[in-house]
1. Find how many whole Å separate the alpha carbon centroid of region 121-171 from the alpha carbon centroid of region 1-76.
2. Suppose we keep just the DSSP beta bridges with both residues in the chain; what percent of those would be antiparallel, to 5?
3. When the C-alpha atoms of region 11-100 are aligned to their principal axes, what extent does each axis show, in angstrom, from largest down?
4. For a test of the definition: using alpha carbon positions, the gyration tensor, and the 1.5 limit on a/c, classify region 257-327 as rounded, prolate or oblate.
5. State the answer as a single residue: which of Ala60, Ala88, Ala77 lies farthest towards the positive end of the charge dipole of region 1-136, with beta carbon charges of +1 for Lys and Arg and -1 for Asp and Glu, about the Cα centre.
6. Hull surface divided by four, with the convex hull built on the Cα atoms of region 204-316: how many nm²?
7. Check the straight Cα-Cα distances from Lys144 and name the lysines below 18 Å, setting aside those fewer than 8 residues away within the same chain.
8. For region 105-170, taking Cα atoms only, what is the radius of gyration to one decimal and the Dmax to the nearest whole Å?
Amino acid sequence: MADSGLRIGAVVPGNPFVLAPMDGYTDLPFRRICRDRGAGLCFTEMIPVMALIHGAKSAARHLRLEKGEGPVGAQIAGHDPVLMARAARMLQESGADFVDVNAGCPSRRVTNGGAGAALLSDLALLADILRAVRASISIGLTLKVRSGPTTDRIVLDDVARIASDTGVDAVTIHPRTRAQRFGGRADWELIARFKERCRLTVIGNGDVTSADDGMRMMRRTGCDGVMVGRGAVGNPWIFGELAAAYEGKAAPKRPNRAELYRTIMEHFDLVVDYLDGDERTAARVFRKHLSRYVRGMPGAVQVRRCMCRVLSRESLVRVISQVFVEEGV
Ligand SMILES: Cc1cc2nc3c(=O)[nH]c(=O)nc-3n(C[C@H](O)[C@H](O)[C@H](O)COP(=O)(O)O)c2cc1C
């Protein structure tokens, strides 16, 4: 395998393709599905520090890591340097390979408390947080940012200086502003400029939905790693395709229907395990993945219409048989 080119502290992933932190998606089961299909590195969903420190069940679940899972960055969201440092320490003790500070989430639920992308409007606080977290852990520290609060206030030059001064090991850049949310295109030129101007390890992110996109992002920006979010939901095979393209190998075959069916069932069973056997909750959690797995297939609309009837493993099989059974899968 070609040298990954991506290094985060002591962590050297097998390849530079990274599953993005996605709240409600990148739990242990989905990370496993992506890792087994080629992701070099994965992030947890964002973990709110208050929930973590107060021992909320949801936070405990988010930070559940599997032995031998491979490199995982645990992401925290918060705004108080002391609490962020405490939470980071807890993550280190739980076995995370590195800690990621969320300074990119534009959701009001997060920014109203001064966390996520709100930190891009208070760079002194961001620096305090990074300094405090750095001092509290011996594992790697990464930072995930958007490009700034608004298009007329791009703060990536300041972010580069702060990240270098506070001992951050790598920065992920999603080059949309907080105000843009998911509108428009990610401006990859901003990643290129950031990479040109500092010596930090950079993970580029935004709008990569194919191996071609990933290769183009690497060529155009010089980034060390490529992070994929929405493009991996329903398509975890993108990581194997990216890795093959990076190594100059032929593209692996797209999954056939049998492989797709197997993956859906494997993913569902992993979610059931993760939820300690609670099939009903697993079914509810899994619906969003299911609708992406079958997207574009004949019968997908019908599956989406029946989604509310997915309440157990048995009903999942019944609903997806509309897409798979005629083919004898
Ligand atoms: C449903 C969803 C949840 C997300 N949750 C998080 C999160 O918890 N932490 C974070 O830093 N970014 C989060 N993001 C942003 C992604 O990590 C990523 O930066 C963004 O989706 C752009 O990448 P993409 O074009 O590959 O999807 C989320 C995005 C989506 C769509």
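1. The distance from the Cα centre of region 1-76 to that of region 121-171 comes to 20 Å.
2. Percentage antiparallel, nearest 5: 5.
3. 36, 23, 21
4. It comes out prolate by the Cα gyration axes.
5. Ala60
6. Over all viewing directions, region 204-316 projects a mean Cα-hull area of 8.1 nm².
7. Those lysines meeting the cut-off are Lys195.
8. 11.8, 37
FYI, it's all coordinate maths here, none of it is from the lab. Given the structure is predicted, the values throughout are model-derived calculations rather than measurements. So basically every Cβ, Gly included, is an ideal-geometry build from the backbone, and we count neighbours across all protein chains shown.
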